[in-house]
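The values are calculated or read from the model by the stated rules, or taken from the named source; none is laboratory data. Keep in mind it's a predicted model, so treat the numbers as computed, not measured. Cβ placement follows ideal geometry from the backbone for every residue including glycine, while neighbour counts extend to all protein chains displayed.
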Amino acid sequence: MEKEIKRRIEMLNKQSLPKISQTQLRGGMQNRLHRQESIRYGNNINKQKKKLKDKLCLLEKEEKMEKKVLGAFSTQSIEVLDDFEEPVFRRIRSMRGFFNE
């Protein structure tokens with residue numbers, strides 16, 4: 001389970017966050033929508049990383065507690081990881097010229 005959590009964190013670390021340019025900051029409604037989507041994408045990545053790191057810390061604490069209690073009968077609680085949804089950066093299609101190729 002630890003290997004799977006570490007693999008998921010590595011996948012999230014490899015995601016590149018889009019840069020918000022000056023044009024998007026001073027642009028109109030379409031640039032505002034792109035900026036909002038960029039921010040949502042970044043927040044989604046950060047939220048998933050935090051959740052996975054917390055779960056990894058919890059597993060490490062449980063292992064330390066089990067090592068301290070050597071003589072007692074201990075059962076491992078089997079926790080199932082949630083389905084991993086890799087964040088997807090959506091492109092907004094209503095850009096000028098998108099449908100006119």
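Examine the range 16-27 for a residue that is outside any helix (DSSP H, G or I), at pLDDT below 75, under 30 Å from MET1 (Cβ atoms) and of a type outside the set (A, V, I, L, M, F, W, C), and state whether such a residue exists.
no
In this structure, does LEU33 turn out to be surrounded by 10 or more Cβ atoms within 10 Å (Cβ to Cβ) and either at pLDDT 70 or above or part of a loop (DSSP other than H, G, I, E, B) (or both)?
Yes: the conditions hold for LEU33.
Just one of the numbered conditions (1) loosely packed, with under 11 Cβ neighbours inside 10 Å; (2) among the basic types (Lys, Arg); (3) touching a helix residue (DSSP H, G or I) at 6+ places or on another chain (Cβ under 8 Å) is not true of ARG8; which one?
(1)
Criterion first (touching a His at 6+ places or on another chain (Cβ under 9 Å) and either surrounded by 15 or more Cβ atoms within 10 Å (Cβ to Cβ) or not aliphatic (A, V, I, L, M) (or both)) does GLY27 satisfy it?
Values: touching a His at 6+ places or on another chain (Cβ under 9 Å): yes; either surrounded by 15 or more Cβ atoms within 10 Å (Cβ to Cβ) or not aliphatic (A, V, I, L, M) (or both): yes.
When the stated conditions are applied, GLY27 passes them.
Checking SER94 against (1) at pLDDT below 70; (2) not in a loop (DSSP other than H, G, I, E, B): exactly one of these is not met. Which one?
(2)
Within the range 57-64, is there a residue that is assigned to a loop (DSSP other than H, G, I, E, B) and either surrounded by 13 or more Cβ atoms within 10 Å (Cβ to Cβ) or within 17 Å of the chain's Cα centre (by Cα) (or both)?
Taking the range 57-64 first, the residues assigned to a loop (DSSP other than H, G, I, E, B) are none.
No, the conditions are met nowhere in the range 57-64.
Which one of these is free of Cβ contacts under 8 Å to residues at least 40 places away in the same chain and surrounded by 12 or more Cβ atoms within 10 Å (Cβ to Cβ): SER21, SER38?
SER21
Kindly establish whether LYS3 is modelled with pLDDT of 90 or more and not small (Gly, Ala, Ser). Let's see the steps before the verdict.
On the way: modelled with pLDDT of 90 or more: no; not small (Gly, Ala, Ser): yes.
No; evaluated as a whole, the condition is false for this residue.
Restricting attention to the range 63-83, report how many residues are within 24 Å of MET11 (Cβ to Cβ) and modelled with pLDDT of 75 or more.
Of the residues in that region, 1 qualify.
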